[in-house]
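J.: The structure is given below, and queries will be raised subsequently.
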Amino acid sequence: MTAPFLVARNIAKRFGALTALADVDLEIRPGEVLALLGDNGAGKSTFIKILAGAHPPSDGELLIEGKAVAFASPKDAAASGIATIFQELALSENLSIAENVFLGRELKRSIFGIPFLKRAEMRQRVDGLLQELDAHISDPEAPVGSLSGGQRQAVAICRALNLNARLVIMDEPTAALAVAETRKVLALTRRLAGRGCAVVLISHNISEVFEVADRIVVFRRGRKVAERLAAETNHEEVVSLITGAHPDVRALEKTN
Amino acid sequence: MSAVRQSGSGVFSMNGREWSLLVACLLAIAIFSVASPHYATPGNAVTVLRNSVELLLIGLGMTLLLAMGGIDVSIGIVMGLAAIAIGRIVGADGSPFVALVAGPLVGALLGCVTAAVVVLGRVPAIVGTLGLLGVYRTAVFALLGGQWLSGLPSSLTDLLATTVLGIPVPALVIAVAYLTVWLALRRTPYGLHLLAIGNSEEKARLSGIPVIKVRFLTFVISGVLTGIAATFYVATYRNVEMSIGSTSALDAIAAVILGGTSILGGRCSLLGTVLGVLLLRILQNGLLLIGVPSLWQPVVTGVLVIGVLGFEAVSNRLPLTRFQRARA
């Protein structure tokens, strides 16, 4: 088994008197799709916001490749190789695919001290990424506003890859997609892991999770209540873990 | 959406809107030529072009501002303040070269003031510049003491009426300004960032774009272009009147919107702005020559803007445009 890219130890998050997250231990490995499941308010979003640098944890520590890190902002997390693709994609509809992939980190050459865009080079790089992801987008010059929801997810994934992300967090990437589009995004997710990226996937759709995830972690009431290899569990067990009907969860909740 | 790509692909490549503007210009010229015997003369053509110089420069800056989701309704009076500075230097028999520097410099300074209010102070651009408009209008009145700054010597005029390699200096300056702004907008990270901010400031920030810096710089660029416009104004008219620039903001915003730049930001056309300016000036000049009092000029401009925006609003509400089908 490969060494984990990220280790979370005893992560807790309190908002005033409210404990949103407590004692979360988690390992995220390269090349693996890890699914986070749980009801609304289970703490999934809080947890990924901590990973993304959007919230500092109240307790516990994050280790990246064995070294402790503290993120003051999403920029810090990005610098450590963590890219988050939020449900509401932060893409500019009026700009082209290539421009979006490089936005904020353009390739440029300096002529008389003025930075000019290396447009051909950016287009080529994006073309390569799109082909590698088998994203079925032929023209990197097309404006993102003309793309379907699934294609936009692909652009967001390209953007993450281009930032040399080692861990990509996807927050319900298929929530707003039609069936065929969902298939494509799930395939993309697998390919992302195939490239050696660690992927954290948040989803409400359990059959979808079984289709792509290697490991499944269930959150409930701010705690991690279960961790299973996808191959060693099934739909019913996962549902009972989420709802709290599973004996393990009951036992855990009694002791707490 | 294809307009975005075509405008970006070449310095002078045309999209549908730009072709329609060109046709509108030619149509207006044809109609006025028939209606007035004084219209179709070389002298009048020069007059129309001459009258377009300041508005072209201001319009380029206004295009950037609108594309960024900003606006500046005080731009005409900024030109007035810069013109007063230039006029004072020329009037005191100062070097016309000093006057050349003074215009862009005063414009840049006032651009910084606008940016300080709108960008750093987080006052919505329309409100912030409206407030500055009030302040500056009174400043112009106080500086001029209720009188015209008139009878200026011709030093600056002589300097700018020359030709370089057979090309008149104003045409050269406009060509350089157009190319510079086009390059900045379509070939540098700055232009990309500006358009991203125009699309959504929040998304631009999430993408790691220095939003404050880009917005501040754009107000300064618009100020500099307006300062250059003021230089040509003083050189041409050799006086500064109390009401200077009172229709410039309306004219500039009208030309930019006619040209196909989105009032909501994120999409713009520099060539469209140039054609929009020419159409406005052709209409204003032509109406004057067929005997419509100049008092009606702002009415024509205003109706054109409202017409174009109204038309766009209605066509956006129609269900199946090609763009929307492509998105679905």
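The values are calculated or read from the model by the stated rules, or taken from the named source; none is laboratory data. Not measured: the values here are computed from a predicted model. Cβ coordinates were reconstructed from backbone atoms using ideal geometry, including for glycine residues, and neighbour counts include every protein chain displayed. In case anyone asks, the SASA skips ligands and DNA or RNA and just uses the protein heavy atoms, side chains included. Shrake-Rupley method; radii C 1.70, N 1.55, O 1.52, S 1.80 Å.
J.: Within 15 Å, Cβ to Cβ, of B:Leu120, how many net charges do the neighbouring residues add up to if Lys/Arg are +1 and Asp/Glu are -1?
T.: Values: positive: B:Arg122, B:Lys213, B:Arg215; negative: B:Glu201.
That works out to +2.
J.: Among A:Ser92, A:Gly196, A:Ala176, whose Cα projects farthest towards the positive end of the dipole of the range A:6-250, with charges put on the beta-carbon of Lys, Arg (+1) and Asp, Glu (-1)?
T.: Going by the Cα projections, it comes out as A:Ser92.
J.: Starting from the residue with the highest accessible area, list B:Ile306, B:Ile257, B:Ile89 in decreasing order, probe 1.4 Å.
T.: On the way: B:Ile306 125, B:Ile257 5, B:Ile89 45 Å².
So the residues, ranked largest to smallest area, are B:Ile306, B:Ile89, B:Ile257.
J.: Please give the average number of partner chain Cβ atoms lying within 10 Å of the Cβ of each residue in B:185-197, rounded to a whole number.
T.: Averaged over the peptide's residues, the number is 5.
J.: Quick one: net charge around A:Gly31, please, counting Lys, Arg +1 and Asp, Glu -1 for every other residue with C-beta under 11 Å from its C-beta.
T.: +2
J.: Here is a follow-up. Among the aspartates and glutamates, which fall within straight-line cross-link reach of A:Lys118, defined as a Cα-Cα distance under 20 Å, with same-chain neighbours fewer than 8 residues apart omitted?
T.: Of all the aspartates and glutamates, those that pass the test against A:Lys118 - Cα under 20 Å, at least 8 places apart if same chain - are A:Glu99, A:Glu106, A:Asp127, A:Asp139, A:Glu141.
J.: First compute the accessible area of the range A:112-256 with a 1.4 Å probe, then give the percent of it belonging to carbon and sulfur atoms.
T.: Numbers: 3310 of 6540 Å².
So the carbon and sulfur contribution to the accessible surface is 51 percent.
J.: A further question on this structure: Treating only the Cβ of Lys, Arg, Asp and Glu as charged (+1, +1, -1, -1), what charge dipole size does the range A:43-157 show about its Cα centre? Round to the nearest 20 debye.
T.: On the way: 12 positive and 14 negative charges, 62 e Å.
Here the range A:43-157 has a charge dipole of around 300 debye.
J.: Please work out the average accessible area per residue across chain B, using the 1.4 Å probe convention, and give it in Å². Before the final figure, lay out each step's value.
T.: Details: 14350 Å² over 328 residues.
I get 44 Å² per residue for this part.
J.: Is any helix in chain B, taking whole DSSP H runs, at least 24 angstrom long along its axis by alpha carbon and on average at least -0.5 on the Kyte-Doolittle scale, and which ones? Let's see the in-between values first.
T.: Values: long enough: B:16-35 (28 Å, 1.71); B:42-67 (35 Å, 1.27); B:96-115 (29 Å, 1.97); B:125-144 (27 Å, 1.79); B:169-187 (26 Å, 1.59); B:211-237 (39 Å, 1.50); B:270-289 (29 Å, 1.87); B:297-317 (30 Å, 1.08).
Membrane-span-like by this rule: B:16-35, B:42-67, B:96-115, B:125-144, B:169-187, B:211-237, B:270-289, B:297-317.
J.: Moving on. With +1 assigned to the C-beta of every Lys and Arg and -1 to the C-beta of every Asp and Glu, and no other charges, what is the dipole magnitude of the range A:6-250 about the Cα centre in debye, to the nearest 20?
T.: Details: 30 positive and 30 negative charges, 128 e Å.
Charge dipole of the range A:6-250: 620 debye, to the nearest 20.
J.: While we're on this one: Buried accessible area for the B:A pair, summed, 1.4 Å probe, in Å² rounded to 100? Could the numbers behind the result be given before it?
T.: Values: alone 15420 and 12550 Å², together 25840 Å².
Roughly 2100 Å² of accessible surface disappears when B and A pair.
J.: Another question, if that's okay. Taking the Cβ of B:Ser154 as the center, what net charge do the other residues with Cβ under 14 Å away carry, scoring Lys and Arg +1 and Asp and Glu -1? Please list the in-between numbers first.
T.: Working: positive: B:Arg238; negative: B:Asp93, B:Asp158.
Cβ neighbours under 14 Å give a net charge of -1.
J.: Considering Cα pairs under 8 angstrom that are at least six residues apart, work out the relative contact order of chain A and quote it in whole percent.
T.: Working: 485 pairs, mean separation 67.2, N = 256.
RCO, chain A: 26 percent.
J.: Based on Cβ point charges of +1 for Lys and Arg and -1 for Asp and Glu, what charge dipole magnitude is obtained for the range A:134-179 about its Cα centre, in debye rounded to the nearest 20?
T.: On the way: 3 positive and 5 negative charges, 29 e Å.
It works out to roughly 140 debye.
J.: For the protein assembly as shown, what does the alpha-carbon gyration tensor say about shape, rounded, prolate or oblate, given a ≥ b ≥ c as the root eigenvalues, a/c under 1.5 as rounded, and a/b over b/c as prolate?
T.: It is prolate, given that a/c is not under 1.5 and a/b is the larger ratio.
J.: Which parts of the range A:48-91 would a label at A:Asn10 reach, counting a residue when its backbone N lies under 13 Å from a point 7 Å out along Cα-to-Cβ?
T.: Under cut-off, by backbone N: A:58-62.
J.: Separate question: Show that you can apply the helix-only estimate: for the protein assembly as shown, add -39,500 (n - 2.57) for every DSSP H stretch of four or more residues, divide by all residues, and state [θ] at 222 nm to the nearest 500.
T.: On the way: 24 runs with 327 residues, N = 584.
Computed ellipticity for the protein assembly as shown at 222 nm equals -18000 deg cm²/dmol.
J.: Among A:Glu93, A:Glu121, what's the order by accessible area (1.4 angstrom probe), most exposed first?
T.: On the way: A:Glu93 45, A:Glu121 85 Å².
Result of the area sort, largest leading: A:Glu121, A:Glu93.
J.: Here is a further query. With every protein chain present, what is the per residue accessible area of the range A:6-250 (1.4 Å probe, Å²)? If you can, show how the numbers build up before the last one.
T.: Details: 10510 Å² over 245 residues.
Here the residues of the range A:6-250 average 43 Å² of exposed surface.
J.: So which lysines pass the test for A:Lys13, namely a Cα distance under 23 Å, with those fewer than 8 places away in the same chain ruled out?
T.: List returned: A:Lys44, A:Lys49, A:Lys67, A:Lys75, A:Lys224, A:Lys254.
J.: By average Cβ neighbour count within 10 Å, what is the ranking of A:55-63, B:197-205 from highest down?
T.: Details: A:55-63: 16.6, B:197-205: 20.7.
Result, highest mean first: B:197-205, A:55-63.
J.: Where both partners of a DSSP beta bridge lie in the protein assembly as shown, what percent of those bridges are antiparallel, to the nearest 5? Spell out each step's value before the answer.
T.: Details: 29 of 46 bridges.
Antiparallel: roughly 65 percent of the beta bridges in the protein assembly as shown.
J.: Is the range B:2-327 best put as rounded, prolate or oblate by its Cα gyration tensor, with a ≥ b ≥ c the root eigenvalues, rounded for a/c under 1.5, and otherwise prolate when a/b is larger than b/c, oblate when not? Display every interim value, and only then the final one.
T.: Values: a/c = 1.65, a/b = 1.17, b/c = 1.41.
The shape class here is oblate.
J.: So how long is each side of the range A:91-219 along the principal axes, counting just the alpha-carbon atoms, biggest first, in Å?
T.: Computed over the range A:91-219, the largest-to-smallest principal extents equal 56, 28, 23 Å.
J.: Okay, moving on. Counting only DSSP beta bridges with both residues in the range A:6-250, what percent are antiparallel, rounded to the nearest 5? Mind dumping the intermediate values first?
T.: Numbers: 26 of 43 bridges.
Once the DSSP bridges in the range A:6-250 are tallied, antiparallel ones form about 60 percent.
J.: Same structure again: For the range A:6-250, build the charge dipole from Cβ charges (+1 Lys, Arg; -1 Asp, Glu) around the Cα centre, then report which of A:Gly222, A:Ser45, A:Phe15 sits farthest towards its positive end.
T.: A:Phe15
J.: Let me check against my output: what whole-number percent is the relative contact order of chain B, with C-alpha pairs under 8 Å and at least 6 apart?
T.: Worked out over chain B, it gives 33 percent.
J.: With a 1.4 Å probe and all protein chains left in place, how much of the accessible area of chain B comes from carbon and sulfur atoms, in whole percent?
T.: Numbers: 10310 of 14350 Å².
That share works out to 72 percent.
J.: Also, I was wondering about something else. When the accessible area of each residue in the range A:77-95 is compared between its chain alone and the complete protein assembly (1.4 Å probe; ligands, DNA and RNA ignored), which residues differ by at least 40 Å², being lower in the assembly?
T.: Buried on complex formation: A:Ala90, A:Glu93, A:Asn94, A:Leu95.
J.: Using the membrane-span-like helix rule (whole DSSP H runs, Cα extent along the own axis of at least 18 Å, mean Kyte-Doolittle hydropathy at least -0.5), which helices of chain A qualify? Mind showing how you got there, number by number?
T.: Working: long enough: A:119-132 (20 Å, -1.14); A:149-162 (20 Å, 0.01); A:179-194 (23 Å, 0.16).
Within chain A the helices that satisfy the rule are A:149-162, A:179-194.
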